[in-house]
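Novice: Below: one structure in structure tokens.
The values are calculated or read from the model by the stated rules, or taken from the named source; none is laboratory data. Quick caveat: nothing in here was measured; it's all calculated off a predicted structure. Counting neighbours? That spans all protein chains shown, and the Cβs are built from the backbone with ideal geometry, glycine included. Surface areas here come from the heavy atoms of the whole protein model, side chains and all, with no ligands, DNA or RNA. Shrake-Rupley method; radii C 1.70, N 1.55, O 1.52, S 1.80 Å.
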Amino acid sequence: MYVLPEYQTIASRTNEPRKFIQVIMGPRQVGKSTTVKQVLKDAQLPYLSYSADNVPVSNTSWISDCWAAARRLMDSNNYTEFLLVIDEIQKIKNWSEAVKKEWDTDTFNDRQLKVILLGSSRVMLEKGLSESLAGRFEEIRMTHWSYKEMHDCFGLSLDQYIFYGGYPGAAQLINDTDRFQQYIQSSIVESTINRDILIDTPISKPALLRQTFELGAAYSGQIISLNKMLGSLTDAGNTVTLTNYLNLLSGSGILCGLQKYSIDMARRKASIPKLQVHNNALKTLYCPLSFEQAIVNRQEWGHIFESGIGAYLVSQAFVHRYEVYYWRERNDEVDFVLRKKNSIVAIEVKSNSESSTKGLNKFREMFKPQNTIIVGDGGISAEEFLTMDLKSVF
């Protein structure tokens, strides 16, 4: 079975003396539960594992029941250390308060009961962590699979990765378009919206949320004003509503609206968004062309290619903790701008013979970036870029 790099991090921390709750977070279907199962299989530590997937949201005592079962097993077998794993923890109402109570009780009693929590809704997890568990946890962030991981595990070519994205569960379905699209729609889109967003967030117009995602995914890689989006939606609200929906979709790891890069924060927040999926399978789900048709259509492939590079950047931003923007001033444009602390990197994506770097040169004059990169024609290959360590560009 393929082993992700996070395996070593999780395994190492479970072998350390009890100090922090380990919180593993990331989008749906990226291998969080599978990686933890691999760690548990190889671990020398006794454990119990639970999932809140089918537990009623209001059953707040369920977490305490899991903890009690772990303590009983630990005591009855005289284990000096024990590991408790709870998946989809964020689905239980007031979960963080229950976890805080049980964790602090074990800390007070010097009980070496270690804990791993997993969740697919970053927004719901981070809310609970910040409210109740400050100083008691460490994050292990997982994200969509990279080109190298999809190539090494499933043999996907570069073009296949750009088109089909980085969902491991869908990789073996790419030769059956209907099955591939059904998997992405039901296991990713519907599950994320229904079980990670609507379950805990008051949404006045669920249909508008879905339409926002579908339109945003279809236009991934393009700059579109919220007013123009409203004109294309049948259940229109207002721009504030759309902004909130984009934030929710971004927090769930499927779609975001990139802000225009500016030193002035107010100008960034007021900018027209550049729509960007976190995984290119979500864009090509709404593409009318097949893989074979898209790859020979230069205009369509250009959009898919740029969106694919952007998807890699925003998904990796979650793990490596940098910010992603775009930049445009009149006719000058830079596709992506990365910022980490005081370092900025400008990235231009070229999928055709166009060789102009006017926008990149203008950005370099105005902002003095630490690094500028051209991906594609006239620069480094997409394959090289998608396999490089992004920490090294800063």
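Novice: To check my understanding: the extent here is largest minus smallest coordinate of the Cα atoms along each principal axis. What are those three numbers for segment 131-203, in Å, largest first?
Specialist: 46, 29, 15
Novice: Which whole-number percentage describes the relative contact order of the chain, with Cα contacts under 8 Å and a sequence gap of 6 or more? Before the final figure, lay out the partial values.
Specialist: Numbers: 634 pairs, mean separation 54.3, N = 394.
The value is 14 percent.
Novice: To continue, here is another question. Using the Karplus curve 6.51 cos²θ - 1.76 cosθ + 1.60 with θ = phi - 60°, what ³J(HN,Hα) values do you get for each residue of segment 195-206, in whole Hz, with x for Gly and Pro?
Specialist: 9, 10, 10, 5, 5, 10, 10, x, 10, 6, 9, x
Novice: A follow-up question, please. When ranked by the protection proxy of mean other Cβ atoms within 10 Å per residue, highest first, what sequence do the peptides 125-133, 323-331, 277-285 form? Write out the running numbers ahead of the final one.
Specialist: Working: 125-133: 18.0, 323-331: 16.3, 277-285: 28.0.
The densest-packed peptide leads the list: 277-285, 125-133, 323-331.
Novice: Accessible area per residue, 1.4 Å probe, Å², for the chain: what's the number? Mind showing how you got there, number by number?
Specialist: Numbers: 17980 Å² over 394 residues.
Counting only protein heavy atoms, the per-residue value for the chain is 46 Å².
Novice: Does segment 93-247 classify as rounded, prolate or oblate by the C-alpha gyration tensor (a ≥ b ≥ c root eigenvalues; a/c under 1.5 gives rounded; else a/b over b/c gives prolate, otherwise oblate)?
Specialist: Working: a/c = 2.61, a/b = 1.33, b/c = 1.96.
Judged from the Cα gyration tensor, segment 93-247 comes out oblate (a/c at least 1.5, b/c at or above a/b).
Novice: Also, quick follow-up: Can you list residues from other chains, or at least 5 along the same chain, whose modelled amide H is less than 5 Å from the amide H of VAL115?
Specialist: GLN22, LEU84
Novice: Show me, for segment 97-108, the HN-Hα J-couplings you get by feeding each phi into the Karplus relation (A = 6.51, B = -1.76, C = 1.60, θ = phi - 60°), rounded to Hz, glycine and proline as x.
Specialist: Karplus values, whole Hz, x for Gly and Pro: 5, 5, 5, 4, 4, 5, 4, 5, 5, 5, 4, 4.
Novice: May I pose another question? For segment 75-199, give the magnitude of the charge dipole about the Cα centre (Cβ charges: +1 Lys/Arg, -1 Asp/Glu; no others), in debye to the nearest 20.
Specialist: On the way: 13 positive and 20 negative charges, 47 e Å.
With Lys and Arg at +1 and Asp and Glu at -1, about 220 debye.
Novice: Still on this structure, please answer the following. Report the per residue volume, in Å³, of the convex hull enclosing the C-alpha atoms of segment 1-130. Could you put the intermediate results ahead of the total?
Specialist: Numbers: hull volume 14.1 nm³, N = 130.
Measuring per residue, one finds 108 Å³ for the Cα hull of segment 1-130.
Novice: Right, another one. At 222 nm, what value in deg cm²/dmol follows for the chain if DSSP H runs of at least 4 each add -39500 (n - 2.57) and the sum is divided by all its residues, to the nearest 500? It would help to have the intermediate numbers written out before the result.
Specialist: Values: 17 runs with 168 residues, N = 394.
Computed ellipticity for the chain at 222 nm equals -12500 deg cm²/dmol.
Novice: Continuing with this model, one more query. Which of the listed residues, LEU73, ASN297, GLN22, is farthest toward the dipole's positive end in the chain, when Lys, Arg count +1 and Asp, Glu count -1 at the beta-carbon?
Specialist: GLN22
Novice: Any idea how far apart VAL55 and ILE380 come out in nm if each label point goes 7 Å out from Cα toward Cβ?
Specialist: The two pseudo-label positions are separated by 4.4 nm.
Novice: Given the chain, what percent of its DSSP beta bridges are antiparallel, to the nearest 5?
Specialist: 35
Novice: How large is log10 I(q)/I(0) at q = 0.15 Å⁻¹ when the Debye formula is applied to the Cα atoms of the chain, each weighted equally and without solvent?
Specialist: These q points yield log10 I(q)/I(0) values of -1.39.
Novice: Moving to a separate point now. Using a 1.4 Å probe over the heavy atoms of the protein chains, calculate the carbon and sulfur portion of the accessible area of the chain as a whole percent. Write down the numbers at each step before the final one.
Specialist: Numbers: 8300 of 17980 Å².
It is 46 percent, rounded to a whole number.
Novice: Using unit Cβ charges (K, R positive; D, E negative) and no other charged atoms, how large, in debye to the nearest 20, is the dipole of the chain about its Cα centre? Spell out each step's value before the answer.
Specialist: Numbers: 44 positive and 44 negative charges, 211 e Å.
In debye, rounded to 20, the chain gives about 1020.
Novice: Whole-Hz Karplus ³J(HN,Hα) for segment 152-163, in order, using 6.51 cos²θ - 1.76 cosθ + 1.60 and θ = phi - 60°, x for Gly and Pro?
Specialist: Calculated HN-Hα couplings, in order: 5, 8, 10, x, 5, 6, 4, 5, 5, 5, 4, 7 Hz.
Novice: Of the peptides 6-13, 264-271, how do they stack up when ordered by the mean number of other Cβ atoms within 10 Å, highest first?
Specialist: Numbers: 6-13: 16.6, 264-271: 11.8.
Top to bottom by mean Cβ count within 10 Å: 6-13, 264-271.
Novice: Now for a separate question. Over segment 1-149, what is the relative contact order in whole percent, taking alpha-carbon pairs under 8 Å and six or more residues apart?
Specialist: On the way: 217 pairs, mean separation 57.4, N = 149.
Relative contact order here is 39 percent.
Novice: Picking from ASN361, ASN94, ASN109, which is most flexible by a Gaussian network model of the chain using Cα springs under 10 Å?
Specialist: In this elastic network of the chain, the residue with the biggest mean-square fluctuation among ASN361, ASN94, ASN109 is ASN109.
Novice: Name the residues whose placed amide hydrogens come within less than 5 Å of the amide hydrogen of TYR47, ignoring near sequence neighbours (fewer than 5 apart) on the same chain.
Specialist: Here LEU83 satisfy the definition.
Novice: Also, I was wondering about something else. Of TYR326, THR35, TYR167, which is farthest towards the positive pole of the chain's charge dipole, taken about the Cα centre with +1 and -1 on the beta-carbons of Lys, Arg and Asp, Glu respectively?
Specialist: My answer, from the dipole projection, is TYR326.
Novice: So, in Å, what gap is there between the alpha-carbon centers of segment 45-114 and segment 283-331?
Specialist: So the separation of the two Cα centres works out to 41 Å.
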